[in-house]
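Structure record follows, encoded as structure tokens.
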Amino acid sequence: MNYYAIRVIYKHEMRRAFETVAQSFASPILTTVLYFVVFGSAIGSRIESVGGVSYGSFIVPGLMMLAILTQSLSNASFGIFFPKFTGAIYELLSAPVSFVEILIGYVGAAATKSLIIGLVILGTAGFFVPIEIAHPFWMLTFLVLTCISFSLFGFIIGLWATDFEKLQLIPLLVVTPLVFLGGTFYSIDMLPEAWQTVTLFNPVVYLISGFRWSFFEIADVSVAVSIGMILGFLIVCLGIVWWMFRTGYRLKQ
């Protein structure tokens, strides 16, 4: 394992994030705070509690997931797409570095940035509403697994995309709607029975449900199923990345 190569890629990506603090950290945090203020005030005035938890506190895990998913995708996809766009990817591919080391460097940096954003949002939310974490270990487990798995997904998007328009296609048209319809601001128990069944086909529901359980011990679906879904997604993403590097898909063109 070439740890030096991993460290170089990781430090380069993290340096780029801290050189653009406003875009990398301040913007998603400010956006989440605005979501929190608007939804917490507008809807919270009509819904006192959900499952025995005040509405303001209830939406905190969902808002964290919203920020983590979008930032993991954007950080990882842009991180690998930009070297492709400039042609620097060929220097990386010709270096004595395996795809595993490239993957760890880029995905590790993207996951780290998303993890930092998630924890900062959690700390910021504490200024607005009281927050209690029933299962800190499982909260961190869900947080880390989500950051890694969606950074992997973003890495795949970055390899697949051939221009900046495609780079934003899946995050904007697929992932963001799934997050908003996945129980970010509500419990699926509040929906009509038919829509509850439809919602269960949304994979994001399982992520948010499991993450919310780690806070308040309330969940829309089984926690074991939530963990299984995210682990399954992680394995599928690893398999796709392995195939893309093995075949040179969108890398050697």
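Assorted remarks:
- Odd one out for Thr146 among (1) touching a Phe, Trp or Tyr at 6+ places or on another chain (Cβ under 6 Å); (2) within 24 Å of Ile240 (Cβ to Cβ); (3) of a type outside the set (Gly, Ala, Ser): (1)
- When region 1-25 is filtered for residues that are under 30 Å from Phe128 (Cβ atoms) and modelled with pLDDT of 80 or more, only Met14 remains.
- Single condition Phe137 does not satisfy, out of (1) assigned to a helix (DSSP H, G or I); (2) of a type in the set (Phe, Trp, Tyr); (3) closer than 30 Å to Val38 by Cβ: (3)
- Test: Glu193 is without any contact (Cβ under 8 Å) to a residue 24 or more places away in the chain and closer than 30 Å to Arg46 by Cα: yes
- Conditions (1) exposed (fewer than 14 other Cβ atoms within 10 Å of the Cβ); (2) charged (D, E, K, R); (3) in a helix (DSSP H, G or I): number failed by Glu132: (3)
- Selection within region 112-129: residues that are outside any helix (DSSP H, G or I) and touching a residue at least 40 places away in the same chain (Cβ under 8 Å). The member of this set that is farthest from Thr31 (Cα to Cα) is Val129.
- Among the residues of region 79-104, just one is buried (at least 21 other Cβ atoms within 10 Å of the Cβ) and aromatic (Phe, Trp, Tyr), namely Phe81.
- Region 135-153 - residue that is over 18 Å from Gly232 (Cα atoms) and touching a Ser or Thr at 6+ places or on another chain (Cβ under 7 Å) and, of those, surrounded by the fewest Cβ atoms within 10 Å (Cβ to Cβ): His135
- Verdict on Ile230 being over 21 Å from Tyr35 (Cα atoms) and not acidic (Asp, Glu): yes
- Within region 26-100, helices (runs of 4 or more DSSP H) holding 1 or more residues that are within 14 Å of the chain's Cα centre (by Cα) and modelled with pLDDT of 80 or more: 60-86
- Hits in region 142-155 (condition: of a type outside the set (Gly, Ala, Ser) and in contact (Cβ under 8 Å) with a residue 40 or more places away in the chain): Phe142, Leu143, Leu145, Thr146, Cys147, Ile148, Phe150, Leu152, Phe153, Phe155
- Number of positions in region 205-240 that are assigned to a helix (DSSP H, G or I) and either acidic (Asp, Glu) or in contact with a Leu (Cβ under 6 Å, 6 or more places away or on another chain) (or both): 2
- So Met244, is it farther than 27 Å from Ser54 by Cβ and crowded, with 17+ Cβ neighbours inside 10 Å: yes
The values are calculated or read from the model by the stated rules, or taken from the named source; none is laboratory data. Since the model is a prediction, treat every value here as computed from it, not as a measurement. Counting neighbours? That spans all protein chains shown, and the Cβs are built from the backbone with ideal geometry, glycine included.
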